[in-house]
Amino acid sequence: MKRFRNTVVIMLLAIFISSCSSDYFGNDLTVVEQITKDVNSGSWIITLYSDSGVDETQHFSSYEFTFGSDGVVSASDGTNEYQGTWDISSEMGDDDSIDDVHFNLYFNLMNDFEDLNDDWEILANTASKIELVDISGGDGDTDYLTFEKN
């Protein structure tokens with residue numbers, strides 16, 4: 001009887017572990033569509049930009065960002081306006097679930113905005129906040145970027 005009970009516990013544990021996914025997004029492709037819809041709505045501000053542990057949020061604190069449905073991102077502080085491109089992409093895992101969702105930003109500029117150029121991985125998102133991370137493949141430095149609805 002003890003052997004049977006142990007076998008049942010092991011089987012249930014195996015089923016539970018296999019049903020859990022380490023990815024944040026699961027099997028729902030509409031998550032990408034929802035994030036896109038949220039970002040297209042209104043203007044956003046950067047509330048955190050950490051470059052390898054150094055807080056550089058102040059470089060962007062006066063800018064409002066607007067993410068157009070045409071893939072153009074605009075950043076304006078009332079005097080200066082910069083434009084770049086943005087999109088959201090996803091990678092599918094072996095089990096046809098979304099493993100990673102990336103928020104891609106690109107400004108063709110030689111100023112602080114070029115620091116934002118990356119394929120940021122989405123850590124968390126709501127309709128009013130999106131938290132991003134990038135781990136450098138070269139030296140392993142970690143950068144964080146957070147947008148919040150204005």
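The values are calculated or read from the model by the stated rules, or taken from the named source; none is laboratory data. Keep in mind the model is a prediction, meaning the values are calculated, not measured. Using ideal geometry, Cβ is built from the backbone for each residue, glycine included, and neighbour counts are taken over all protein chains shown.
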Selection from the range 122-133 of residues at pLDDT below 95 and either in contact with a strand residue (DSSP E or B) (Cβ under 6 Å, 6 or more places away or on another chain) or farther than 21 Å from residue 32 by Cβ (or both) yields 122, 123, 124
Among residues of the range 76-98 being at pLDDT 95 or above and assigned to a loop (DSSP other than H, G, I, E, B), the residue nearest to residue 45 (Cα to Cα) is 77
Residue 31 fails exactly one of (1) at pLDDT 95 or above; (2) in contact with a strand residue (DSSP E or B) (Cβ under 9 Å, 6 or more places away or on another chain), namely (1)
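Looking only at residues that are in a strand (DSSP E or B) and of a type outside the set (Asp, Glu) in the range 53-70, which one is nearest to residue 115 (Cα to Cα)? Write out each step before concluding.
Let us first name the residues in the range 53-70 that are in a strand (DSSP E or B), namely 54-55, 64-67.
Then keep just the ones that are of a type outside the set (Asp, Glu); that gives 54, 65-67.
Details: 54: 13, 65: 15, 66: 18, 67: 18 Å.
Step by step, filter the range 53-70, then rank; the result is 54.
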Cβ pairs under 6 Å, 6+ apart or interchain, first in the range 36-62 and of a type in the set (Phe, Trp, Tyr), second in a helix (DSSP H, G or I), ordered by first then second residue, are 49/57
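Of all residues in the range 43-52 being in contact with a Phe, Trp or Tyr (Cβ under 9 Å, 6 or more places away or on another chain) and small (Gly, Ala, Ser), which is nearest to residue 117 (Cα to Cα)? Explain how you work it out, then say what you get.
Of the residues in the range 43-52, the ones in contact with a Phe, Trp or Tyr (Cβ under 9 Å, 6 or more places away or on another chain) are 43-51.
Narrowing further to those that are small (Gly, Ala, Ser): 43, 50.
Working: 43: 19, 50: 14 Å.
Residue satisfying both the conditions and the ranking: 50.
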Among (1) under 25 Å from residue 30 (Cβ atoms); (2) modelled with pLDDT of 95 or more, residue 101 falls short only on (2)
Note on the range 119-139: residues in contact with a helix residue (DSSP H, G or I) (Cβ under 8 Å, 6 or more places away or on another chain) and outside any loop (DSSP other than H, G, I, E, B) are 122, 125, 130
